[in-house]
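Structure record follows, encoded as structure tokens.
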Amino acid sequence: MAKMSAGKMAKMLRRAQEAQEKVQAEIAAMEVEGSAGGGAVTARVDGNKTLLSLEIAPEVMEDGDAGMLADLVVAAVNQAQRKAEEEAAKKMEALTRMLGLPPGLGF
């Protein structure tokens with residue numbers, strides 16, 4: 001195996017860092033939805049799993065069951081956050097493969 005010069009190594013590390021920063025920006029910018037109750041409650045989160053919006057269908061409010069509404073909200077938010085985590089993991093896995101790192105040795 002040939003030795004890599006310090007300059008080439010620094011350049012490779014710089015490219016890896018730039019690629020990581022790009023992927024992290026893409027993750028932060030993505031938005032995903034989760035829903036519960038057949039779409040009665042819809043939550044939207046960003047790639048950092050921060051809740052951006054919450055929509056509640058008017059008919060859910062008519063029932064007056066606060067406990068059910070709370071359960072639907074929690075389920076929708078959790079689903080959206082899981083989706084965001086899964087999408088972020090896919091993007092980071094792609095970066096890991098691009099850099100030639102073994103699985104599980106990513107960022």
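The values are calculated or read from the model by the stated rules, or taken from the named source; none is laboratory data. None of these values were measured; they are calculated from a predicted model. Glycine also receives a Cβ, built like all others from the backbone with ideal geometry; neighbour counts cover every protein chain displayed.
Yes or no: S53 touching a strand residue (DSSP E or B) at 6+ places or on another chain (Cβ under 6 Å), in contact (Cβ under 8 Å) with a residue 12 or more places away in the chain and hydroxyl-bearing (S, T, Y)? No. Note on region 49-107: residues that are among the small types (G, A, S), surrounded by 14 or more Cβ atoms within 10 Å (Cβ to Cβ) and at pLDDT 90 or above amount to 6. Scanning region 1-60 for residues that are among the hydroxyl-bearing types (S, T, Y) and out of contact with any helix residue (DSSP H, G or I) (no Cβ under 8 Å at 6 or more places or on another chain) yields S5, T50, S53.
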